[in-house]
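Worksheet: the structure to be examined is printed underneath.
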Amino acid sequence: MENFKYYDPEEYAKSGKDRSRCIQEILDIHGGFMSWEGVKNVLEIGCGIGDVTEPCFLPLLPRDFERYVCSDVSLGVLEAAKTRFHGLEHIEFLQLNIEVPIDNGLVSKFDRILSTFCLMYVKNQRQAYENVFNALVSGGDCWIVMVTTGAIFETFFRLAETSKWKNKLRNIHDILVFPYRNVPEPEKMDENLLKSIGFSDISVKTQDFSVEYETAEDFRAIMESLPNLFDLNKEEFNEFVNDQVDVGKDLNVIKDFHVPGKPVFHPIFQSLVFYAKKP
């Protein structure tokens, strides 16, 4: 996840409303069963600038919670989250790379671990899941949301196959890992991994969303909110985003350029959500 250290908080914030709205919908559908009573210590992995944390998670905390740790690999977005939550008690911040073994000081410390739109970028899935397991107290649980695939990410994979961008994106599968992208049964694959680590009470679901990109500018804004993952110079980055918009048109997902009768890329956006407990 080294490339994600360079998220630009201002660009990232542009897609915040869409991100929080999506997570709230997923939470309503797949997280309503979770009890927050007795949850004292919470770790959020990949908190970003806190634009999901604030509207979706903080309101659920019991009054007597002890600490909520916002963690991210990027110091830049952590600083933005600190500014956002300035003055709030019991909120802590931690730079954390979930791809490497966690520090002993984090072992068996948390009643609940949350993560949204983060772990799909982790190549060593087993290590990440083991870290989650180890950081939980006995009886603690986790609620994780990842993306299996989606039109905005498919633009990267499609362009990586072109002669124009193939060399620049040669390490795409090390950066945009998306381990469930081409898996016929992602729920089963994820459940088996969780079981092998020792989790219990496992629930794994996929959720398709019919996201609408009204204009090319809307689609472009999403692309520009992502970090410059492939170290493109300014001119290259602008040209790459232009090509991504063209791929979006070809995928028939931009409303202003919709071609009747032409298949729309499916799923436009699909999440994988899992809940699990540490016995």
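Miscellaneous remarks
- Absence of a disulfide-compatible partner, taken as no other cysteine beta carbon within less than 4.7 angstrom, is noted in the chain for C22, C56, C118, C142.
- Spatial separation of Cα centroids for the range 119-148 and the range 224-252, in angstrom: 30 Å
- Test item: Cα-centred dipole of the chain, Lys/Arg +1 and Asp/Glu -1 on Cβ, debye: 540 debye
- Within the chain, helix-based [θ] at 222 nm, where runs of 4 or more DSSP H residues each add -39,500 (n - 2.57), nearest 500: -10000 deg cm²/dmol
- Between the range 163-210 and the range 55-118, the Cα center-to-center distance that results, in Å: 24 Å
- Proximal charge balance of T148 [Cβ under 12 Å; K/R count +1, D/E count -1]: -3
- Label zone at R21, where the point sits 7 Å out along the Cα-to-Cβ direction: the range 224-268 residues whose backbone N lies under 18 Å: 224-226, 253-256, 268
- Taking a Cβ cut-off of under 10 Å around L94, the surrounding Lys, Arg, Asp and Glu residues balance to a net charge of -4, with basic ones at +1 and acidic ones at -1.
- Exceeding the 31 Å Cα-Cα cut-off - candidates K234/K262; K40/K82; K17/K255: K234/K262
- Tail weight of P(r) past 21 Å, computed on alpha-carbon pairs of the range 129-224, percent: 51 percent
- Heavy-atom accessible surface of the chain: percent carbon and sulfur, 1.4 Å: 48 percent
- A protection proxy built from the mean count of other Cβ atoms within 10 Å ranks the segments 39-51, 131-143, most packed first, as 39-51, 131-143.
- D_trans [Stokes-Einstein, Kirkwood Rh over alpha-carbon pairs] for the range 14-142, 25 °C, 0.890 mPa s, µm² s⁻¹: 164 µm²/s
- Charge dipole (the chain, unit charges on Cβ, about Cα centre) - positive-most of I254, L193, T215: L193
- Remark: the chain carries 47 Å² of accessible area per residue (probe radius 1.4 Å; ligands, DNA and RNA excluded).
- Rg in Å to one decimal, and Dmax rounded to a whole Å, for the chain via C-alpha atoms: 18.8, 57
The values are calculated or read from the model by the stated rules, or taken from the named source; none is laboratory data. As the structure is a computational prediction, the values presented were derived from the model and not from experiment. Cβ sites come from the backbone with ideal geometry, for glycine too, and all protein chains shown count toward neighbours. These area figures cover heavy atoms from the full protein model, side chains too; ligands, DNA and RNA do not enter into them. Shrake-Rupley method; radii C 1.70, N 1.55, O 1.52, S 1.80 Å.
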